[in-house]
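Presented below is the structure to which this report refers.
The values are calculated or read from the model by the stated rules, or taken from the named source; none is laboratory data. No experiment lies behind these values; they were computed from the predicted model shown. Note that each Cβ is placed from the backbone with ideal geometry, even for glycine, and that neighbours are counted across all protein chains shown. Surface accessibility is based on the protein's heavy atoms, side chains included, excluding ligands, DNA and RNA. Shrake-Rupley method; radii C 1.70, N 1.55, O 1.52, S 1.80 Å.
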Amino acid sequence: MVSTHSLGFPRIGAKRELKFALESYWKGEISKEELIAQGALLRQRHWKDQSSLNWVPVGDFAFYDQVLDMSFTLGNLPERVKDFHGDTLDNYFRVARGRSVASSDDHAQCCGGVAAGEMTKWFDTNYHYIVPEFTASTEFKLDSSRLLEQLAEAKKQGINAKPVIIGPVTYLWLGKAKDGSNKLDLLSKLLPIYGQLLEELANHGAQWTQIDEPILVTELDEDWQHAFKQAYHHLRSNKMKILLATYFGSLEDNRYLACNLPVDGLHIDAINAREEIPLILNLLPIQKVLSLGVINGRNIWKTDLNKTLDWLEPIAQKLGDKLWIAPSCSLLHSPVDLNSEQKLDKQIQNWLAFSAQKLAELEVLAKALNTGRQSVSEQLALNQSAIEARRNSLLVNNPLVKDALSKIKPKMGERESHYEVRAAKQAAILRLPKYPTTTIGSFPQTHEIRQARSQYKAGELNDADYRKAMEHEIARSINEQENLELDVLVHGEAERNDMVEYFGEQLNGYAFSQFGWVQSYGSRCVKPPILFGDISRPKAMTVDWISYAQSLTKKPMKGMLTGPVTILNWSFVRDDQPRSVSCYQLALAIRDEVLDLEKAGIKVIQIDEAALREGLPLRKSQWKHYLDWAVESFRITANGVKDETQVHTHMCYSEFNDIIEAIAQMDADVITIETSRSDMELLDVFDTFKYPNEIGPGVYDIHSPNIPTQNQMVSLMLKATERIPAERLWVNPDCGLKTRQWLEVIPALRNMVEAAKQLRAHAS
């Protein structure tokens, strides 16, 4: 009999219950006990939702981040939080966001909080994790209480539990050695702790433990490959069965290594590594379980069940009860339940599957494999009907868009002049001081903004009154910026619910859910739009708002746009054509908006590509193909403007040093990046690579409520001047400010402007 399981389930709740509980706790509105109770309630509900599975994941729930959870399980806390009073949860949130709940942080209030842990993207997803920190002297100490408590909860609920942990080699790989030491030297200290953890889980009734080692789908040198052999020979145990889980790609040169590690089962992402399955079947020892991720855990389209069964049935016949099936990866990256949707176009909704529906698909597949297709003939027929309806729908296919795509020419991606010529023309028009100050685009989304948007969507506010409300907020943003003496202003994006969804709502080819939320980090959730068809722009999307904002000030106003690569990577993307084709369609649509902004007299246009690196394949051998079409898409979008128009782009929370040449090829006049959490380490690449254009290294960590001081910002910028000429440096926050409050933003930006003034005085 084929078994079913899941690698993980969304933890935020169908109605974002975890988000709201966390934010209430941080504000001091609910107690720690109430927060913990809400977490337990969500776990119970989610285990019930997965009760049809043979094995249900336990330990995939986190109050902020699963990597941070693993750091605390291993006793790996940064030294800077160890002197703070409070309990483990207080320290957990201090590492995550710089502060715990206000009532627990009297010490933090007087000392300005604590530096939050560095945050970066989880492989090629939009999920952010807190980076583990190491030094050569790092010691580990097991705290298994979280996992054991959740295991006990699950057993009490009658759940056949499978604990889930991040593997020791991946944990080291994800972290950063703060002193430049070799992270792998810590493996010998780490393995006994993992051994203790597995023993304790076994002693508390766990039969299988899922150990996630996703770095096996990346290119590993001999040292890291050897680390896997060392680790799993050490962890070999008769008491605990280990399912080694890989996902997000294929094993390739790590295939033999993974198949022959001394573990009891191996999970393969059969969505991204389908062609590799026959090879794995020949390599994997016959006594081992093979788990196949046959349903896409990261996208929302229905699985073609008949097509999946066509290739899966021979494998099931060969492996019998040694075959497990599951989603390709954790469902953390998928919304919770499609049945919550009430407003989606019914035709499009019939093409979709959220987490709950994916588990139902898994159940159909297992029943077909175990008892024959005839036992689920009705479900298979309905599924086939939906697959064919999507394939043939006129909603999906637009001949005019395909025609426009065929007319793309190389010249569309080229500026009139080189950067040096453009920079001189722009300087003459903008007349900015040295170290010009700006922000990334958004300002706080206040209660008044959210209320007006909610009333407008509900039909309780007409067009004129809604516009009046948004113009009032735009005017407020501009007034605050002028009082602060910022040099290049933004309109604050009051009218935008999300930097991707806002544009998708105005483009043909997109659909939108009400409750399709996924976690980005902590309490931050995003609702990716659904890119289901060919993309076109029926009318201008931002010109009226930006023109209104520019009319309120004599200072230059930035036109704010989201770039095609980011819109693509932060959407649920159609899977019936190459991603590059969809990206070129988006590039043409946003290019029209750029040109309309220029015609309206906007002299500075920012095209955010925050997710450029996110779409980068996990193997370097595949990077060039992706970067070629991604960079070309940006250039098509940006480069139709005149020399005098200054083009900015922004990238945040991504290690981009290894793609700096591609970023330079984008040829934006100014690029702004995150550097404050990494203490300007992201600028190390400029020691060897001479970036040709202007750059704004972020000096204000907007994901923390801590307010940086003027001296802290000056110190960061002086580090930047060691690598980049002062005349090409801007001063700005790491990212947009929509998630912060005005009472935090005003003093932080005031310090930033004063820092710029101090730098100018120092330079003179």
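For the reader, a short list of remarks on this structure follows.
- Test: residue in segment 284-300 that is over 22 Å from E213 (Cβ atoms), open to solvent by less than 20 Å² (accessible area, probe 1.4 Å) and not polar (S, T, N, Q): yes
- Any hit, segment 618-629, residues being closer than 26 Å to A424 by Cβ and in contact with a helix residue (DSSP H, G or I) (Cβ under 9 Å, 6 or more places away or on another chain): no
Residue by residue, here is whether (1) in a helix (DSSP H, G or I); (2) farther than 28 Å from F634 by Cα; (3) in contact (Cβ under 8 Å) with a residue 12 or more places away in the chain holds:
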residue	(1), (2), (3)
K411	yes, no, no
S417	no, no, yes
K425	yes, no, yes
A452	yes, yes, yes
L461	no, yes, no
R467	yes, yes, no
M470	yes, yes, yes
E473	yes, yes, yes
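- Residues of segment 450-488 satisfying the condition of being small (G, A, S) and either surrounded by 18 or more Cβ atoms within 10 Å (Cβ to Cβ) or modelled with pLDDT under 95 (or both): A452, S454, A458, G459, A469, S477
- Failed condition for A423, given (1) among the small types (G, A, S); (2) open to solvent by less than 60 Å² (accessible area, probe 1.4 Å); (3) farther than 23 Å from D643 by Cβ: (3)
- Residue count for segment 427-449, restricted to those that are surrounded by fewer than 18 Cβ atoms within 10 Å (Cβ to Cβ) and either touching a residue at least 12 places away in the same chain (Cβ under 8 Å) or not in a loop (DSSP other than H, G, I, E, B) (or both): 9.
- Of the helices (runs of 4 or more DSSP H) entirely within segment 154-264, those holding at least 3 residues that are among the charged types (D, E, K, R) occupy 187-203, 222-234.
- Scope segment 301-339; condition open to solvent by 10 Å² or more (accessible area, probe 1.4 Å), within 24 Å of G13 (Cβ to Cβ) and out of contact with any helix residue (DSSP H, G or I) (no Cβ under 9 Å at 6 or more places or on another chain); matching residues: H333
- Single unsatisfied condition, K620 versus (1) over 19 Å from G509 (Cβ atoms); (2) open to solvent by 40 Å² or more (accessible area, probe 1.4 Å); (3) over 22 Å from the mean Cα position of the chain (by Cα): (3)
- Any chance T88 is among the hydroxyl-bearing types (S, T, Y) and over 25 Å from the mean Cα position of the chain (by Cα): yes
- Candidates K402, K343 - the one that is open to solvent by 30 Å² or more (accessible area, probe 1.4 Å) and assigned to a loop (DSSP other than H, G, I, E, B): K343
- Taking every residue in segment 240-263 that is surrounded by fewer than 20 Cβ atoms within 10 Å (Cβ to Cβ) and pairing it with any residue that is at pLDDT below 95, at least 6 positions away or on another chain, the pairs with Cβ-Cβ distances below 6 Å are P262/R236.
- Qualifying residue in segment 375-382 (condition: surrounded by 19 or more Cβ atoms within 10 Å (Cβ to Cβ), under 30 Å from L312 (Cα atoms) and in contact with a helix residue (DSSP H, G or I) (Cβ under 8 Å, 6 or more places away or on another chain)): yes
- Those strands (runs of 3 or more DSSP E) lying entirely in segment 510-593 with at least 3 residues crowded, with 20+ Cβ neighbours inside 10 Å: 518-521, 530-536, 558-562
- Subset of segment 5-42 (residues that are of a type outside the set (A, V, I, L, M, F, W, C), surrounded by fewer than 21 Cβ atoms within 10 Å (Cβ to Cβ), more than 23 Å from the chain's Cα centre (by Cα) and closer than 25 Å to K155 by Cβ): K32, E33, E34, Q38
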